[in-house]
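Heads up, the thing below is written out as structure tokens.
The values are calculated or read from the model by the stated rules, or taken from the named source; none is laboratory data. Remember, it's a predicted structure, so these values are computed and weren't measured experimentally. Virtual Cβ from ideal backbone geometry, glycine too; neighbours counted across all protein chains shown. The area values use the complete protein model at the heavy-atom level, side chains included, leaving out ligands, DNA and RNA. Shrake-Rupley method; radii C 1.70, N 1.55, O 1.52, S 1.80 Å.
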Amino acid sequence: MADGRARVAASILDSDLSNLAYAVRRVEAAGADRIHLDVMDAHFVPNLTFGPRTIKALRRRTELPFDAHLMVSEPGRFLDEYLDAGCDSITIHVEIDEDIAPTLERIRAAGRAAGLSVKPRTPLSALEPYRQLLDIVMVMTVEPGFGGQTFMKDVAQEKLLAARDLLSHKPYGGEVHVDGGVNRETAELAGGLGVDVLVVGSALFAKGHDMGREIRLIRALADEGYQYTLNGGVPPIPRDRMVTFASLPKHLARQLMGEIEASGVPVVTLRGNGQINPDGVRDYDLLVPASAEAFVVERFTDARSASEREAEAWRVEFIAEHGVIPPPSHP
Ligand code: DX5
Ligand code: ZN
């Protein structure tokens, strides 16, 4: 798993379409964080690529997450097939005539991330009615339909930062994707506009390019852009870094974990190596993603203090009732 903040999703649209399985293995070996699957129906866009059956066949070839980008007029019609094919996220276009909300709800009901993509000439405000149903906002910086086109800087500057606001209901896990014309020349600008996921296609498959180096470069340049444009020169928090928010006896740790997870922030509980309780069991540590720490501290500091007081009372009560049980001695 890559360090840093930015993630690279490799689009296989410009790979050798006669050997997609090889393309998937190649981008995985080169260090891509996920696979971006461009589905086109020759109706919504003037191109035809592949559908859910191809995706299902590719699903066995890699563990990497699959981001489906559906450039189709009727995504709702085949949605179950895409879910069954093992897509981890499904992004549809806001410009379709089909009803959008029910499709986003079905994607989320299946436990996948739901996204909306917006063409260059469509205003971001078109996504407003669906704000609460979004996990992903995908900003197209080329006219959808083909790889190898030029990145539209003006569109990126107009929409990428603003797209974050559409995900403000998610304290953690909301993603802004940029798709179209991303390469080492444009990655820093995109990173400086706060994107989480950079979709990269032709730049990876260009002859003579070392794919692994391209991915590392694009990721590093995006983080550099973020660091110096948005983060006051401070390196961004690595996406997967976890920090300890609390240490509590097991039953109270579980309780507080439930409260925090109900807010949309994932929590990992691990038996800590701190305080041993009167029941002989050490406190459990609650770990949260570093990028969500500020939100958790603001929202759950009081709950943590209450749990710590409750823990103290429980320890006193336990000792009164059972005395102190020594921890199990390891042979
Ligand atoms: C275009 C697709 C993009 C494309 C990206 O409609 O949605 O994902 O494959 O390829 P490049 O990086 O070459 O623009
Ligand atoms: Zn795409």
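Counting heavy atoms of the protein chains only and a 1.4 Å probe, report the per residue accessible area for region 99-157 as a whole number of Å².
Dividing the accessible area of region 99-157 by its residue count gives 44 Å².
If you fit an axis through the alpha-carbon atoms of helix 20-29 and take the longest principal axis of the Cα set of the chain, what angle between them do you get, 0 to 90°, nearest 10?
50
Would you please give the FRET efficiency between Thr301 and Tyr172, computed as 1/(1 + (r/R0)^6) with r the Cβ-Cβ distance and R0 = 25 Å, to the nearest 0.05?
The formula returns an efficiency of 0.90 here.
By a straight-distance test (C-alpha under 30 Å), which lysines pair with Lys159 as possible cross-link partners, with residues fewer than eight away in the same chain excluded?
Lys119, Lys170
Per 20 Å bin, what is the whole-percent P(r) computed from every C-alpha pair distance within the chain?
29, 49, 19, 3
Between region 207-251 and region 156-191, what is the C-alpha centre distance in whole Å?
Here the answer is 14 Å between Cα centres.
I want the local charge near Asp88. Using Cβ-Cβ distances under 12 Å, sum +1 for each Lys or Arg and -1 for each Asp or Glu among the other residues.
My count for the surroundings of Asp88 gives -2.
Of all the accessible heavy-atom surface of region 189-324, with the other protein chains kept in place and a 1.4 Å probe, what percent is carbon and sulfur?
Details: 3480 of 6750 Å².
Within region 189-324, the accessible surface is 52 percent carbon and sulfur.
Of the heavy-atom accessible surface of region 21-106 (probe 1.4 angstrom), what whole percent is carbon and sulfur?
Carbon and sulfur together cover 47 percent of it.
From the backbone phi of region 245-256, what are the Karplus-calculated ³J(HN,Hα) couplings (6.51 cos²θ - 1.76 cosθ + 1.60, θ = phi - 60°) in whole Hz, Gly and Pro given as x?
9, 7, 10, 8, x, 3, 5, 7, 4, 4, 4, 5
I need to check one value: relative contact order of the chain, counting alpha carbon pairs closer than 8 Å and at least 6 residues apart, in percent.
15
So if R0 is 41 Å, what FRET efficiency would Glu308 and Arg164 give, r being the distance between their Cβ atoms, rounded to the nearest 0.05?
For R0 = 41 Å, the calculated efficiency reads 0.75.
With Cβ to Cβ distances under 9 Å as the rule, what net charge do the other residues near Glu28 carry (K, R +1; D, E -1)?
+2
Compare the peptides 9-15, 231-237, 146-152, 214-220 by average per-residue count of other Cβ atoms within 10 angstrom and give them in order, highest first.
Ranking the peptides 9-15, 231-237, 146-152, 214-220 by packing returns 9-15, 214-220, 146-152, 231-237.
What is the extension gain from Tyr22 to Lys207, computed as 0.36 nm multiplied by their sequence separation minus the C-alpha to C-alpha distance, in nm to one decimal? Don't jump to the answer; show the numbers that get you there.
Working: separation 185, 0.36 × 185 = 66.60 nm, distance 1.61 nm.
This chain segment gains 65.0 nm when fully extended.
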